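Have a look at the structure below, then the notes.
All of the numbers you see were taken from the coordinates with simple rules; none came from a lab. This structure is a prediction, so every number in the text was calculated from the model and none was measured. No Cβ is skipped: glycine too gets one built from the backbone with ideal geometry, and neighbour counts run over all protein chains shown.
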Amino acid sequence: MDLNDTPEQAAYREQGRAWLEANKEQAPPRTGSYEDMEYIGARRAWQRQLAEAGLAAVTWPREYGGQGLGPIEQVTVNQEISRAEVPGILDVIGIGMLGPCIIAHGSEEQKGRYLGPMLHGDEVWCQLFSEPAAGSDLAAIQTRARQADDGTWTLSGQKVWTTNAHFASFGLLLARTDPDVPKHRGLTMFIVPMDASGVTVRGLRQISGEAEFNEVFLDEVSLAEDAVVGGVGNGWGTALTVLMFERLTIGFGLENYGSPTRLAEALAADPTARKSPEVRQQLGEIISELLAVRFNGYRALTMLLKGQIPGPEAGLAKVTLVNAGIAAAELSVDVIGPDALESSTEWSYLVSFLPGLKIAGGTEQILRNTIGERVLGLPPEPRLDKGIPFSELRAKERETVA
Ligand SMILES: Cc1cc2nc3c(=O)[nH]c(=O)nc-3n(C[C@H](O)[C@H](O)[C@H](O)COP(=O)(O)OP(=O)(O)OC[C@H]3O[C@@H](n4cnc5c(N)ncnc54)[C@H](O)[C@@H]3O)c2cc1C
């Protein structure tokens, strides 16, 4: 998104650009292996520098180390970081999604203890929500937390697709605390130290060759009473805060993937491709989609500036952007040829990484369902689990199948 900056915004952009120009030599490469702890260490150090320069947690309140600014300034910073061709913050999940949840629902002690080290990259966080049988249907979580008479909790269960768990210090975890109420009501959010006894992290290898996400096994993990975030039984509401910030983070962060400029540059490098009507046609389609996303993004930004939350239609931006990004990366690979698939190139990373984003942060089908039901007013999907205690759902499902 290129914004028509006000004089104040232009000055803010200039200030960020000047800092990045002066410091970009110290930045680590934009891409690197998330299994290489030396690279991760360099990214943590770079995150600290960005935070100290006011280029991280732009929308967090000042009292927690943020800049107390709005989404426009966050987008401006994202654009300038991309323009400088340096990496952004390492802990996008912590700063973009989990920190804002702790700010909204955490106790003062939790905010004081966790937000500073998160912001400066000293403690990276992971999101322990998805499970083997709870992804799109997140409220079907089975990881169980039981409270003892002394107030402490014991966690048992399994999480999956946990990005960055292999180097995270803490995780924000959704668990079932009461199976005898309907599924959205018996959930609670916890802070889990990843080095606690009973936590086992096992990497999952992706098509890109990387193991960025993991399975996490929780075997009788003991937690203090004050590990709860947002109150016992309020886990669903607390999780929705994270999911809302997840969509915003993906939406704002993705704008540069497959950007028309870089795509056009890549294609311009190949004179034959530039003349090909087929390539030009595809390029035109991709650029139109990206422009539509940009103008919808302006609409979402305007709503945020007015203090409103963008409606479910904002989910379409993610669907369109990811698909346009995939088409852009694939077209570039067609044009550049096998060289584009060299493991060190950005295009190779995008080709193998972007399809996963069709699933992350809400799958394309689920987002389309939401648009169908809540924007277009189509008939809702049948929901057989309404009002039924979670502990009775399995028996009901078996009855329905029989
Ligand atoms: C790159 C990446 C990073 C991730 N990082 C994390 C993380 O850090 N922490 C975390 O907790 N999770 C993470 N996830 C997990 C992600 O949230 C889930 O993969 C996602 O919610 C989908 O759940 P699932 O994989 O169980 O698929 P399922 O829910 O089993 O869905 C399988 C398929 O069925 C379709 N489907 C399901 N229900 C319906 C329906 N009602 N109508 C139509 N179609 C339907 C889905 O769209 C999908 O195509 C990550 C995923 C990816 C890809």
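Would you kindly state how much longer the chain becomes between Gln308 and Gln9 on full extension, computed as 0.36 nm times their sequence separation minus their alpha carbon distance, in nm to one decimal?
105.5 nm is the gain from fully extending Gln308 to Gln9.
Measure off 7 Å from each Cα along the Cα-to-Cβ vector at Glu109 and Asp180, then give the distance between these two points in nanometres to one decimal. Label-label distance for Glu109 and Asp180, simple model: 2.9 nm. So, in Å, what gap is there between the alpha-carbon centers of the stretch 363-385 and the stretch 33-79? Value for the Cα centre distance between the two parts: 35 Å.
Applying both filters, DSSP loop and at most 14 other Cβ atoms within 10 Å, to the trypsin sites (Lys or Arg not before Pro) of the stretch 265-340 gives Lys306.
Mind checking the log10 I(q)/I(0) for the stretch 257-375 at q = 0.13, 0.23 Å⁻¹? Debye, one equal scatterer per Cα, no solvent, two decimals. With no solvent term, the Cα-only Debye profile gives -0.58, -1.25.
With a simple spin-label model that places each label point 7 Å from the Cα along the Cα-to-Cβ direction, the separation between Glu220 and Glu285 comes to 5.8 nm.
Calculated on the Cα set of the stretch 7-90, radius of gyration then Dmax: 12.9, 43 Å.
Sorted into 5 angstrom bins from 0, the C-alpha pair distances of the stretch 125-234 split as 2, 13, 24, 25, 19, 10, 4, 2, 0, 0 percent.
Which semi-axes, in whole Å and largest first, does the equivalent ellipsoid of the chain have when worked out from the alpha carbon gyration tensor as the square roots of 5 times its eigenvalues? Provide the component values of the computation, followed by the final result.
On the way: eigenvalues 257, 135, 92 Å².
The answer is 36, 26, 21 Å, longest axis first.
Mind telling me which of Ala139, Ala292, Ala148 comes out most flexible in a GNM of the chain, alpha-carbon contacts under 10 Å? Maximum fluctuation in the GNM of the chain, among the listed residues, is at Ala148.
Between Ala140 and Glu35, the modelled labels are 3.1 nm apart [label points 7 Å from Cα along Cα→Cβ].
To test your reading of the geometry: what angle, between 0 and 90 degrees and rounded to tens, separates the Cα axis of helix 71-83 from the longest principal axis of the chain? Once rounded, one gets 50 degrees.
If you wrap the stretch 9-162 in the convex hull of its Cα atoms and look at it from every side, the mean projected area works out to 11.2 nm².
With θ taken as phi - 60° and the Karplus curve 6.51 cos²θ - 1.76 cosθ + 1.60 applied, the whole-hertz 3J(HN,Hα) list for the stretch 135-147 is x, 4, 8, 4, 5, 7, 3, 10, 4, 10, 10, 10, 9 Hz, x standing for glycine and proline.
Summary: within the chain, the longest segment free of GluC sites (Glu not before Pro) located in DSSP loops with at most 12 other C-beta atoms within 10 Å is 86-341. Taking 0.36 nm per residue of separation and subtracting the Cα-Cα distance, full extension of the segment from Asp150 to Ile207 would add 15.9 nm.
Helical content of the chain, expressed as a calculated mean residue ellipticity at 222 nm, amounts to -14500 deg cm²/dmol (DSSP H runs of 4 or more residues, -39,500 (n - 2.57) each, divided by residue number, nearest 500).
Could you line up Met97, Met189, Met118 from fewest to most neighbouring Cβ atoms inside 10 Å? It would help to have the intermediate numbers written out before the result.
Numbers: Met97 24, Met189 31, Met118 27.
The order, fewest Cβ neighbours first, is Met97, Met118, Met189.
Stretch Gln26-Ile366 to full length: gain in nm at 0.36 nm per residue minus the Cα-Cα span? Don't jump to the answer; show the numbers that get you there.
Numbers: separation 340, 0.36 × 340 = 122.40 nm, distance 4.14 nm.
Roughly 118.3 nm would be gained on extension.
Give the order of Arg383, Arg43, Arg144, Arg48 when sorted by the count of other beta carbons within 10 angstrom, beginning with the fewest.
Details: Arg383 7, Arg43 24, Arg144 14, Arg48 17.
Ranking Arg383, Arg43, Arg144, Arg48 by Cβ neighbours within 10 Å, fewest first, gives Arg383, Arg144, Arg48, Arg43.
Shown is the FRET efficiency for Lys386 and Phe295, computed with R0 = 56 Å from the Cβ-Cβ distance and rounded to the nearest 0.05: 0.90.
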